[in-house]
Amino acid sequence: MSDNLSLWRKVEKTNPDYTKKAKVGGMNITAIAPQYQIMMVTEQFGTYGEKWGFKNIVLSYDLVEKYDMVVFKGTFFFPNGEFEIINSCKLYINNAKTMLDDNFAKKIETDALTKAISKLGFNADIFLGKFDDVRYLEEVKKEFELESSEEYIKLKGCNTIDKLGDTFKALSKENQTKFKKVVTEFKLELEKK
């Protein structure tokens with residue numbers, strides 16, 4: 001039986017160190033650093049442009065005069081498929097339409113990328129509203145702190161179940177308690193290989 005959510009579960013959590021609160025269009029949002037997102041996708045799929053990214057990008061200016069909107073249309077591709085993405089962005093930064101937003105093309109592509117990868121589960125915790133929950137945010141902060149620890153990196157580097165067991169046994173009792181769940185997950189991954 002295949003696990004349709006396996007990728008989603010790997011990428012749904014967002015490291016709070018790469019987020020910030022922002023106000024966009026009168027709404028309070030959690031913004032994600034685009035370079036962090038690119039790093040996350042590259043970790044899963046490989047090099048941008050070769051293994052994943054956009055192709056067939058078209059920017060339409062048909063709605064500029066009436067709505068001040070440029071429309072992005074493109075195909076997002078990745079190792080397991082591809083799908084169409086449509087996004088839009090204002091061309092001007094003022095209502096009088098006298099000041100062109102010289103970053104509109106970058107903004108529209110970055111936002112389209114965020115939308116595309118969110119469909120695969122990347123940063124799902126933000127889009128599901130979990131970052132609005134203080135307890136969740138504290139929990140995920142601790143988890144990412146744990147993942148950057150020396151012990152975690154050693155455990156993750158184990159390529160056999162025996163080596164994983166030996167590395168786990170060498171940890172202090174406190175760290176064994178802290179990393180028990182992680183070791184169980186790593187063990188399951190090694191058993192699949």
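The values are calculated or read from the model by the stated rules, or taken from the named source; none is laboratory data. Not measured: the values here are computed from a predicted model. Because the Cβ atoms are built from the backbone with ideal geometry, glycine has one as well, and the counts that use them run over all protein chains shown. The protein model used for the area step is the full one, side chains on, heavy atoms only, and it has no ligands, DNA or RNA in it. Shrake-Rupley method; radii C 1.70, N 1.55, O 1.52, S 1.80 Å.
Tabulated data for the structure shown
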| item | result |
| --- | --- |
| Odd one out for Gly165 among (1) assigned to a helix (DSSP H, G or I); (2) among the small types (Gly, Ala, Ser); (3) under 23 Å from Leu59 (Cβ atoms) | (3) |
| Failed item in (1) without any contact (Cβ under 8 Å) to a residue 24 or more places away in the chain; (2) not in a strand (DSSP E or B), with Thr75 passing the rest | (2) |
| Answer from Lys141, Lys97 - the residue that is of a type in the set (Lys, Arg) and in contact (Cβ under 8 Å) with a residue 60 or more places away in the chain | Lys141 |
| Selection status of Asp62, on the phi > 0 side of the Ramachandran plot and of a type outside the set (Ser, Thr, Tyr) | no |
| Pair list, Cβ under 9 Å, 6 or more apart: the stretch 172-193 residue more than 19 Å from Lys142 (Cα to Cα) and open to solvent by 60 Å² or more (accessible area, probe 1.4 Å), other residue not aliphatic (A, V, I, L, M) and not in a helix (DSSP H, G or I) | Lys193/Asn159 |
| Enumeration of residues in the stretch 80-99 that are part of a strand (DSSP E or B), under 19 Å from Ala116 (Cβ atoms) and open to solvent by 70 Å² or more (accessible area, probe 1.4 Å) | Glu82, Glu84, Ile86 |
| Answer residue from the stretch 143-170, given it is more than 20 Å from Lys13 (Cα to Cα) and among the charged types (D, E, K, R) and is least open to solvent (accessible area, probe 1.4 Å) among those | Glu151 |
| Scope the stretch 110-142; condition more than 26 Å from Lys178 (Cα to Cα), open to solvent by less than 70 Å² (accessible area, probe 1.4 Å) and part of a helix (DSSP H, G or I); matching residues | Thr110, Asp111, Ala112, Leu113, Thr114, Ala116, Ile117, Ser118 |
| Selected residue (criterion: surrounded by the fewest Cβ atoms within 10 Å (Cβ to Cβ)) from residues of the stretch 29-45 that are of a type in the set (Ser, Thr, Tyr) and not in a strand (DSSP E or B) | Thr42 |
| Pairs with Cβ under 7 Å, 6+ apart, first in the stretch 1-22 and touching a residue at least 40 places away in the same chain (Cβ under 8 Å), second part of a loop (DSSP other than H, G, I, E, B) and hydrophobic (A, V, I, L, M, F, W, C) | Leu7/Leu120; Val11/Phe122 |
| Condition check for Asn4: within 30 Å of Lys141 (Cα to Cα), in a strand (DSSP E or B) and open to solvent by 80 Å² or more (accessible area, probe 1.4 Å) | no |
| Residues of the stretch 50-79 that turn out to be under 17 Å from the mean Cα position of the chain (by Cα) and loosely packed, with under 15 Cβ neighbours inside 10 Å, as a count | 2 |
| Contacts under 7 angstrom Cβ, first residue in the stretch 32-46 being within 15 Å of Leu7 (Cα to Cα), partner open to solvent by less than 50 Å² (accessible area, probe 1.4 Å) and β-branched (Val, Ile, Thr), 6 or more apart | Gln37/Thr114; Gln37/Ile117; Met40/Val11; Val41/Ile117; Gln44/Val11 |
| Test set (1) acidic (Asp, Glu); (2) farther than 30 Å from Ala22 by Cβ; (3) at pLDDT below 90 - Glu147 fails condition number | (2) |
